[in-house]
Protein chains: 2
Amino acid sequence: MTDFVSESRPTSPWDGQEATALLVGARAAVDPELRAALDALPTGMRRVARYHFGWEHADGTAAAGHAGKAIRPALVLTAAAALGGPAARAAAARAAAAVELVHNFTLLHDDVMDRDTTRRHRPTAWTVFGVPDAILAGDALHARALGLLAADPHPAAPAAVARLAACVVELCEGQQVDTALEQRHPGEVTLDEVLTLAEAKTGALLGCACAVGALYAGAAPGDVDALDAFGREAGLAFQLIDDVIGIWGDPRHTGKPAGADLAVRKKSLPVVAALTSGTPAAAELAELYARPYAAADLERTVLAVERAGGRDWAQVQAADRMARAVSELTRAIPEPETAGGLLALAEFVTRRSV
Amino acid sequence: MTDFVSESRPTSPWDGQEATALLVGARAAVDPELRAALDALPTGMRRVARYHFGWEHADGTAAAGHAGKAIRPALVLTAAAALGGPAARAAAARAAAAVELVHNFTLLHDDVMDRDTTRRHRPTAWTVFGVPDAILAGDALHARALGLLAADPHPAAPAAVARLAACVVELCEGQQVDTALEQRHPGEVTLDEVLTLAEAKTGALLGCACAVGALYAGAAPGDVDALDAFGREAGLAFQLIDDVIGIWGDPRHTGKPAGADLAVRKKSLPVVAALTSGTPAAAELAELYARPYAAADLERTVLAVERAGGRDWAQVQAADRMARAVSELTRAIPEPETAGGLLALAEFVTRRSV
């Protein structure tokens, strides 16, 4: 699953300040809950979890910490505030922490399954503590997340647990489909499949975060569902932009080599759009993707995706998904000033330098 | 984690018929809930889960099924019935299924971590479907278990979810300590450590099952805790007897070679009791355990554990734990006829052929 590493674009109509303030506020609101949840873990798993959150070095000494952007907790709290005011926002702190714990449990397990060795610029937990301890720390965070929420006396808690648990199943499905897709020939993968995958892996938890916030605001079921749809569509927009950056991103901004996703033959959204375009460039791309990667082919591969329409398609799709997100949001919250925080967060995660 | 494979002893004062009837009844009550929970999983994880439960072969065709003895669901339902009558028993079916789902999620993950290749006389799920799919199926069952319980409109559901989630953390701790103990020198392991381990790995979920049943009967907090303690103590008694069987069990009954646990140098309860006994036989056992296993040494090793008092200690401890279990049970349920079902189940799991 991708972590959000964003840079606001100075030319944006959104200056990103509102979003940044919401993220900082969310981090401040959930950190005490997160730290308490980790403190309550048995020693062995606590160490792994604190390392994963960036609060400890591998040797157990305190670290400055880079626990991620807190985008999911910010969505929970901002949705609660938009639909229920400051009281609902304050009441949703534990729920926001639960969503963030679920996110981190899936990161711990995904890194084991994908054998990824770097996360948030540090070695992944399993490379430091071993596979069994990383699996167990993930299981414990998962149980703490749902248990914490279940023990919350707020009347929305039971529905929020049920929704978050259903979301975990969808995240697992996304991870499973992703692994299965990697084994398949690029020519056999459809655009519908990769869109469904992106929704399960990225959209589902962003949608769930918004829906949980709405539940804590006592929103009507229709508004809860609209907030879920808003988060899902914004998540898809994010994934589309992230995939564009994975090909055309400036290495000075992304911290990754140019065309990184193409080098690993990733079946990203623009690539699958290009491969299934029926254009001459699609055939050329298929031929290039069938070969082992060679740096000399990179420029031709990038151009083939572009000429097959992969970049344009992804950008149009991203804009379309953002429009759908806004439309869902407006359904639940017609007043622009009330919806402003959620819009700012959606813009923040999707508006990134390419 | 050990699965219960028991044989009632014909000479027992308990003929095992009551326990067998309770287990059969529990299986009938929870199977529809379990099947519905698995049916609701996405295809990939459903296949793994159904295989793990013994309902499908690896190729997806229907199998006769051997999903285990349903001891945990039987404890939930029998505790609910003892404290709240037939209505409470009926209301607790979903909670009983949730406990069984948690048990099976931990089995799926434990088998991955321990690299165990056989479970319930079949290849383990990860050997058939791969490690990622086994991890994901476990995660999905875990989420389903807690989500199912959270969605239960019964007033006891929130407290039951919180308790079950806390139990998962304890199960993870047990698995972690177990893995860590395996790496350590036998001479450094204390009896307290292996007793705590057995409580976390085996006692915790049996205790939780009883406590969840009590919650669904609307029992007072003190009675819920007493039921938890009853299950924990019975679980420890079970583990002690299971460890005795692992050394002195008759291969014709256990299906495992004689002294199987000694061959793999397992730090089981009787072995650690023997090693820490300060007897001359303890020194001999330590010396034998330091060598690689040789079949020619087996008889001497068995005798050393016995002469160092490991067998007697385990049997006295098991009887003591059962006495404590009964005392806890009587605290909550003084009438013997009402407590009879739970006693029969406890006797059933601990009274096995040696």
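Side notes on the structure shown:
- The figure for residue A:154 is an accessible area of roughly 40 square angstrom, using a 1.4 Å probe on the protein chains alone.
- In a reduced charge model with +1 at each Lys and Arg Cβ and -1 at each Asp and Glu Cβ, segment A:153-202 shows a dipole moment near 280 debye about its Cα centre.
- Separation of alpha-carbon centers, segment A:234-269 and segment B:319-354, rounded to whole Å: 61 Å
- Contour minus Cα-Cα distance for residue B:303 and residue B:58 (0.36 nm per residue): 83.9 nm
- Net charge, residue A:197 excluded, C-beta distance under 10 Å - Lys, Arg +1, Asp, Glu -1: -3
- Between 0 and 90°, nearest 10: helix B:204-216 axis offset from chain B longest Cα axis: 20 degrees
- Helix A:221-248 and the longest principal axis of the Cα set of chain A meet at an angle near 40°.
- Closest Cβ on chain A to the rotation axis that carries it onto B (distance rounded to whole Å): A:146, 2
- Accessible surface for residue A:216 stands near 10 Å², nearest 10, in the context of the full protein assembly shown (1.4 Å probe).
- Ascending distances from the residue A:323 label point to its copies in the other chains, with the point 7 Å along the Cα-to-beta-carbon line: 7.9 nm.
- Protein heavy-atom accessible area occluded, A/B pair - total, 1.4 Å probe, Å²: 2700 Å²
- Averaged over its residues, segment A:112-239 has an accessible area of 32 Å² per residue, based on protein heavy atoms and a 1.4 Å probe.
- Nm distances between copies for residue B:278, ranked from closest, using label points 7 Å along Cα→Cβ: 8.7
- Cys residues of chain B counted as unpaired, since no other Cys beta-carbon is under 4.7 Å: B:172, B:210
- Diffusion of the protein assembly as shown by Stokes-Einstein, at 10 °C in a medium of 1.306 mPa s and with Rh set to the Kirkwood radius over alpha-carbon pairs, works out to 59 µm²/s.
- Between A:66, A:52, A:92, the Cα set farthest toward the positive side of the dipole of segment A:28-102 (charges on each charged residue's Cβ, about the Cα centre) is that of A:92.
- Near residue B:174: Cβ cut-off under 10 Å, other residues only, Lys/Arg at +1 and Asp/Glu at -1. The net charge is -4.
- Here's how it looks for residue B:119: its modeled amide H is under 5 Å from those of B:124, which are all 5 or more places away or on a different chain.
- Under the convention that each Lys and Arg Cβ holds +1 and each Asp and Glu Cβ holds -1, the size of the dipole of chain A around its Cα centre is about 600 debye.
- Listed residues B:115, A:122 arranged by accessible area, highest first, probe 1.4 Å: B:115, A:122
- Accessible-area composition of segment B:17-350, carbon plus sulfur, in percent [1.4 Å probe]: 56 percent
- Solvent-accessible area lost in complex, 20 Å² minimum, residues of segment A:102-128 relative to chain alone, 1.4 Å: A:109, A:113
- Cross-link table A:69/A:266; A:267/B:201; A:201/B:266, entries beyond 32 Å C-alpha to C-alpha: A:267/B:201; A:201/B:266
- Chain A: C-alpha gyration tensor shape, a/c 1.5 cut-off, then a/b vs b/c: oblate
- Across the options B:341, B:304, B:329, the greatest Cα extent toward the positive end of the charge dipole of segment B:294-342 (unit charges at beta carbon of Lys, Arg, Asp, Glu) belongs to B:304.
- Linear extension gain, residue B:183 paired with residue B:154, 0.36 nm per residue minus alpha-carbon span: 6.0 nm
- Interface residues of segment B:146-166, defined as those with an accessible-area decrease of at least 50 Å² between the chain by itself and the complete set of protein chains (probe 1.4 Å), are B:150.
- Total formal charge among the other residues, if their Cβ is under 15 angstrom from that of residue A:336, Lys/Arg +1 and Asp/Glu -1: -4
- Amide H partners (placed H, <5 Å) of residue A:56, local residues excluded: A:51, A:63
- Label geometry 7 Å along the beta-carbon vector: residue B:221 inter-copy distances in nm: 3.5
- Axis angle, to the nearest 10 degrees, between helix B:280-290 and the longest C-alpha principal axis of chain B: 70 degrees.
The values are calculated or read from the model by the stated rules, or taken from the named source; none is laboratory data. Just so it is clear, the structure is predicted and the values come from calculations on it, not from any experiment. Cβ sites come from the backbone with ideal geometry, for glycine too, and all protein chains shown count toward neighbours. To get the accessible areas, we keep the full protein, side chains included, count just its heavy atoms, and leave off ligands, DNA and RNA. Shrake-Rupley method; radii C 1.70, N 1.55, O 1.52, S 1.80 Å.
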